[in-house]
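Scroll down for the structure; my scribbles are underneath it.
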Amino acid sequence: MNIENIIKQFNYDETLANFLRELYPEFINYLGKDKEPIIYEALLNTPIVLCNNVYTALKKANLLDTDDSSLVSNADLKRASGVYQSTPIVKYNPETNTYYISEIKRLVAINAQDFTSEFSKTTLIHELSHLIKSYYEECTITNDILTIRSGLITIIEKLTVENGHVKKTLISEQSIGLEEGLTSLMEEEIGKKLVNPNFEIHGYGVLNVIAHNLCEKFNLKDIILNAEVLNKKDELITVLDSIMPDAYAKLDDITTKVYELSLKIFAEVYNPEKRKQIKAEFMELIENEYGPLIKSFHDHQNKTL
């Protein structure tokens, strides 16, 4: 497993190639040596492209989701600094009345002209982290239900056939906020090593703090990484729910609300009054919902010492 094979596969320019040479071992250090095969295969099978607009790049690659009911809308993509996008190509076999995945198209798009800036490098770390944490057992089909996994994120879609084509209809999305927080933490820790020792996350600040508390204060990092990369989410849920009934569901709900508020405050960059209102909602959520949950975690930790 040699990073040079990945660089050669996509003929990356020397600036990107040099950064990937530094980044590859840091992914292994952070996630664990046992996960190197997944890291390697993910990078080997997914191109990285530079673009002026993430939405346009996905559209050009025919990777846009036609269902705009997703929590991350097309409008959000047009403002995004980077994205990891995967699209499973689902086919229908009328003889057996079954759906199957013929291939999974993947792309990492970064809104930058090169990888010389600090911002482009840390954005790449973030999006490649999403890729790696999605790659293993990313898509599965049970009857007419498609499940897409991205770290802790679970996306459920119903499959139907219309005019000979398979249509996917979104049913639910779970754990996006929690996963973004955990990925931002990974971006920050690796970014401090490779890009700038003073690098800090700003866009997902609250989610980053929540993720840091889970990984460091409550020593759940290894369990969380296994859940994200190796699809062992059930083990994480079991551990959290042993601390407090439905703890994972409550944490998921809180971080989803935080994530939605983060998107809103980003969209209101030129409206200071609206941003002030959203920040007040942040504080209310942290005080009334996250505070009691984290107190239960602290109480449990103190009992086990």
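The values are calculated or read from the model by the stated rules, or taken from the named source; none is laboratory data. In this text, all values refer to a predicted model and were calculated from it rather than measured experimentally. Please note: Cβ atoms are built from the backbone with ideal geometry, for glycine as well, and neighbour counts cover all protein chains shown. What goes into the accessible areas is simple: the full protein's heavy atoms, side chains included, and nothing from ligands, DNA or RNA. Shrake-Rupley method; radii C 1.70, N 1.55, O 1.52, S 1.80 Å.
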Hey, what number do you get for the chain at 222 nm if only DSSP H runs of n ≥ 4 count, each worth -39500 (n - 2.57), divided across all residues, to the nearest 500? -16500 deg cm²/dmol
Give me the lysines in straight-line cross-link reach of residue 193: C-alpha distance below 17 Å, same-chain residues under 8 apart excluded. 121
If you average the sequence gap of Cα pairs under 8 Å that are 6 or more apart and divide by the length of the chain, what percent do you get for the contact order? 13
Report the per residue volume, in Å³, of the convex hull enclosing the C-alpha atoms of the stretch 209-302. 99
In the structure shown, do any of 167/264; 91/257; 217/250; 158/279 have a Cα-Cα gap over 26 Å, and if so which? 167/264; 91/257; 158/279
With the full set of protein chains in place, find how many percent of the accessible area of the chain is carbon and sulfur; take the probe as 1.4 Å. 50
For 189, 180, what's the largest-to-smallest order of accessible area, 1.4 Å probe? 189, 180
Against the globular-protein guess of 2.2 N^0.38 Å, express the Cα radius of gyration of the stretch 154-261 as a ratio, rounded to two decimals. 1.27
Which whole-Hz couplings ³J(HN,Hα) result when phi for each residue of the stretch 167-181 is put into the Karplus expression 6.51 cos²θ - 1.76 cosθ + 1.60, θ = phi - 60°, listed in order with x for Gly and Pro? 10, 10, 10, 5, 9, 7, 10, 10, 6, 5, x, 5, 5, 5, x
Find the Rg to Rh ratio for the stretch 113-188, where Rh is the Kirkwood radius over alpha-carbon pairs and Rg uses the same atoms. 1.12
Stokes-Einstein, Kirkwood over Cα pairs, the stretch 85-238, 10 °C, 1.306 mPa s; D in µm²/s equals 93
For residue 193 and residue 217, what is the calculated FRET efficiency with R₀ set at 25 Å and r taken between the beta-carbons, to the nearest 0.05? 0.75
Surface accessible to a 1.4 Å probe, per residue, for the residues of the stretch 136-225, Å²: 45
Dipole check, the chain, charges on Cβ (K,R +1; D,E -1), about Cα centroid: among 239, 251, 45 the Cα furthest to the positive pole belongs to 45
Please get the size of the charge dipole for the chain, origin at its Cα centre, with Cβ charges of +1 on Lys and Arg and -1 on Asp and Glu, quoted in debye to the nearest 20. 340
